[in-house]
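Undergrad: Quick one: this structure, given as structure tokens, is what I'll be asking you about.
What follows is calculated from the coordinates using simple rules that are stated; it is not laboratory data. Just so we're clear, the structure is a prediction, and the values are computed from it rather than from any experiment. Backbone-built Cβ (ideal geometry, glycine too); neighbour counts: all protein chains shown.
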Amino acid sequence: MSDATTKPMDDIMSLCKRRGFVYQASEIYGGINGFWDYGPLGAQLKKNLRDAWWEDMIMNPCWGRTGPGGERVRCVPVETCIIQNPKVWEASGHVGGFNDPMVDDKETKQRFRADHLQGGYLGSSPAGDPALALAQMQGQITKVEHIPAFTITAGGPDEAAAILLADRKLQKLLGVSDANILPSISPGAAPLLQLTYRGQPAFAFIFPVSGAVQEHAHAQIPSPFTGKAGSLTAPRQFNLMFFTYTGATATENDKVYLRPETAQGIFVQFKNVVDTTRVRVPFGIGNTGRSFRNEVTPRNFTFRSREFEQAELEFFCHPDDSFEWYKFWRDFRMEWWQSIGLAGENLILREHEKDELSHYSTGTSDVEYRFPFTAPGFGELEGIAHRGNYDLTQHAKHSGAKLEYFDTDRGETLPNGAKKGERYMPHCIEPAAGLDRGALALICEAYTRDESRPSPEIMKFHPRVAPIKAAVFPLVNKDGMPEVADRLHADLFKRFGRTGFVETDAKQSIGKRYARMDEAGCPFCFTIDGDTLTDQTVTVRSRDTGLQDRIAIDKVSAFLTDALLA
Ligand code: GAP
């Protein structure tokens, strides 16, 4: 697959709209910021992604592999409510601490996350040597009071650099021109640009504007929307949970929250699952569904939305085994995303630094994808966190329920050979994936341009997630071909229709019909032509190569079974 940096996000978004993958929510009313709907192809793509997660995490976890203890991994599902007793969110820490620091621009009335402010720090070097300029700037940035020359809102410095380079209007606003990105001088360093700033040649180093600078010097920091200082407010904490009221009275006592994550539904049903099923630790509970966060700045298409879908697993284990299980899940989750088509260099597993970890966590990794809008940087698809026993302990404390687990497989061995048992609060490993970000990564990865084809946009989805599995075309709409096509279509639909559309289409030239299927990501088209009526063969045309072959009509189903499993 081609490099994400070469894929134009505007073209991807326009194909998504044109072919019915993603639409703006409430579009006929002008849309609503941070909300997206899926069209027919997008809905099926996301269902295939959700089904793949469900099969490989719940029904046949980890493809039947054994875990660190040598036993097969076991998991069960739950489906929990979006609205829970508000005490759930007090116990989990979301009421008190699920905040983002928010800054307003008083002039433009725009709002953004303080931690998304990236600063362009300027430096020069008499010899025009970027290394000297960089060293000078690095020395200055460590000083809290050092104010950037211009700012950009973005998830990170790489994304900010990409936005600046692509957006001429923004460049004009910020007083920047002739901007070029320089090869990084030190590995992993923030981006270094050579540019003209207000008519003067300079080097700019893009670096997050630190919280300390914003607290004390917000009045001097230039606005990312106008380039002028003096209009930004100091950061204020903003709770991301949406709320509503139950019942008709709508008093403060009736206030409830829309869940910001599916995970807490699992913790609060942990005891019921243990008491009503035969699971025993170690085991996992999975939950999928909508979550809601009132993001300060929804951005980058569906990447940061206000309503999105999560697929989360809480894997409960003995504290002594927890680090081994953490490593097991971290590695499996990376392999899983690779297995559905994110197999190239655009996918990485990033272990968090110690200072990035929550106080209760001994390890967290992110599976990250290089989206066109984050390139050359990466954006998070899934976090795999070692959460210790934090959540169960919090819920036990706040609810009074006894959430400890009595493990009959542990403890001393008694004279009769049985174990004495051990009571403990299980530790938890949490692989938490976002299905909308997953679908977006699949879309970005699949998007391929081949200028040698009459219609150059091709969606090379992995066959498992492709929303259309096959198409059957009569070459012309006469001479008995439509009847044969209908029969083959009905047969393929019976076998493959559970996992995707099987299309048939008799309109337009065959080339145009192939091109439509390429854009929709259909892996194979089968065409009934004059020869079919005499020798019972059909043309099979591959999306990825554009090449055609002939196979017997009664072998089509077996061919497709093999090809889709590939
Ligand atoms: N229970 C842990 C938890 O919710 P998270 O990292 O906040 O962790 C997990 O969320 C995943 O949910 C993320 O990796 C991402 O894929 C997805 N996600 C989070 N916020 C999102 C948003 N605003 N829009 C789309 N997806 C989001």
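Undergrad: Which of the helices in the chain, when you take each full DSSP H run, stretch at least 20 Å along the axis at their Cα atoms and have an average Kyte-Doolittle score of -0.5 or higher?
TA: 481-496
Undergrad: Test of understanding: ordering 481, 13 by Cβ neighbours within 10 Å, fewest first, what list do you get?
TA: Values: 481 20, 13 16.
Lowest to highest Cβ neighbour count: 13, 481.
Undergrad: A follow-up question, please. Taking 7 Å along the Cα-to-C-beta vector as the label spot, tell me the residue 129-residue 554 distance in nanometres, rounded to one decimal.
TA: 7.9 nm
Undergrad: Report, please, the projected area of the chain averaged over directions, based on the convex hull of its C-alpha atoms, in nm².
TA: Reported value for the Cα convex hull: 33.3 nm².
Undergrad: Rounded to the nearest 500 deg cm²/dmol, what is the calculated helix-only ellipticity per residue at 222 nm for the chain, with -39500 (n - 2.57) per DSSP H run of length n ≥ 4?
TA: Computed mean residue ellipticity for the chain: -8500 deg cm²/dmol.
Undergrad: Going by amide H atoms built from the backbone, whose H comes under 5 Å of the H on residue 102, apart from near neighbours?
TA: Residues meeting the criterion, in which the H sits 1.01 Å from N, are 114, 236, 237, 238.
Undergrad: How large is ³J(HN,Hα), in whole Hz, for each residue of the stretch 367-372 in order, when computed from phi with the Karplus curve 6.51 cos²θ - 1.76 cosθ + 1.60 and θ = phi - 60°, using x for Gly and Pro?
TA: 3J(HN,Hα) across the stretch 367-372, in whole Hz: 8, 10, 10, 7, 6, x.
Undergrad: To continue, here is another question. If the chain between residue 362 and residue 561 were fully stretched, how many nm would it gain, using 0.36 nm times the residue separation less the Cα-Cα distance?
TA: Between residue 362 and residue 561, full extension yields an extra 67.3 nm.
Undergrad: Residue by residue through the stretch 249-265, what is 3J(HN,Hα) from phi via Karplus (6.51 cos²θ - 1.76 cosθ + 1.60, θ = phi - 60°)? Round to whole Hz and write x for glycine and proline.
TA: Per residue, the Karplus-derived 3J(HN,Hα) values read 7, 6, 8, 4, 5, 9, 6, 10, 10, 7, 4, x, 7, 7, 4, 5, x Hz.
Undergrad: Turning to a different aspect of this structure: With each pseudo-label sitting 7 Å past Cα toward Cβ, what's the residue 273-residue 476 distance in nm, one decimal?
TA: Label at residue 273, label at residue 476, 6.1 nm between them.
Undergrad: Given points 7 Å out from each Cα along the Cα-Cβ axis, report the residue 106 to residue 491 separation in nanometres with one decimal.
TA: Placing both labels 7 Å along Cα→Cβ, they lie 7.5 nm apart.
Undergrad: Please sort 360-368, 345-353 by packing, taking for each peptide the average over its residues of neighbouring beta carbons within 10 angstrom, highest first. Intermediate values should be presented prior to the final figure.
TA: On the way: 360-368: 19.8, 345-353: 14.3.
The most tightly packed comes first, giving 360-368, 345-353.
Undergrad: Still on this structure, please answer the following. Which residues among the stretch 373-413 fall inside the zone where the amide N is under 13 Å from a point 7 Å beyond the Cα of residue 422, along Cα→Cβ?
TA: Zone members listed by number: 405-413.
Undergrad: Same structure again: Going by amide H atoms built from the backbone, whose H comes under 5 Å of the H on residue 504, apart from near neighbours?
TA: Answer set, sorted by chain and number: 472.
Undergrad: Could you please rank 46, 271, placing first whichever residue has the fewest other Cβ atoms within 10 Å of its Cβ?
TA: Neighbour counts put them in this order, fewest first: 271, 46.
Undergrad: In debye, nearest 20, what is the charge dipole magnitude of the chain about its Cα centre with +1 on Lys and Arg Cβ and -1 on Asp and Glu Cβ, if you could check?
TA: On the way: 64 positive and 73 negative charges, 171 e Å.
Once rounded to the nearest 20, the dipole reads 820 debye.
Undergrad: So which of 172/512; 87/419; 397/419; 46/327; 47/402 end up more than 31 Å apart, counting from Cα to Cα?
TA: Result: 172/512; 87/419; 47/402 exceed 31 Å.
Undergrad: Then there's this: Could you please rank 407, 562, placing first whichever residue has the fewest other Cβ atoms within 10 Å of its Cβ?
TA: 562, 407
Undergrad: Taking amide H positions as placed 1.01 Å from N in the peptide plane, with prolines and chain starts having none, which residues 5 or more places from residue 360, or on another chain, fall under 5 Å of its amide H?
TA: Correct list: empty.
Undergrad: Under 13 Å from a point 7 Å along the Cα-to-Cβ line of residue 450: which residues of the stretch 521-546 have their amide N that close?
TA: Once the point is set 7 Å along Cα→Cβ of residue 450, 521-525, 541-546 turn out to lie under 13 Å by backbone N, inside the stretch 521-546.
Undergrad: Given the stretch 450-565, what percent of its DSSP beta bridges are antiparallel, to the nearest 5?
TA: The antiparallel fraction comes to roughly 50 percent.
Undergrad: Report the calculated FRET efficiency for residue 544 and residue 245 (r = Cβ-Cβ distance, R0 = 45 Å), to the nearest 0.05.
TA: Approximately 0.30, to the nearest 0.05.
Undergrad: Short version: ³J(HN,Hα) in whole Hz for each residue of the stretch 401-410, in order, from phi by Karplus 6.51 cos²θ - 1.76 cosθ + 1.60 (θ = phi - 60°), x for Gly and Pro, what are they?
TA: Each residue's phi maps through the Karplus curve to give 6, 8, 9, 5, 10, 9, 9, 6, 8, 10 Hz.
Undergrad: Lys and Arg at +1, Asp and Glu at -1: add these up for the other residues within a Cβ distance under 12 Å of residue 70 and post the number.
TA: Result for the local shell: -1.
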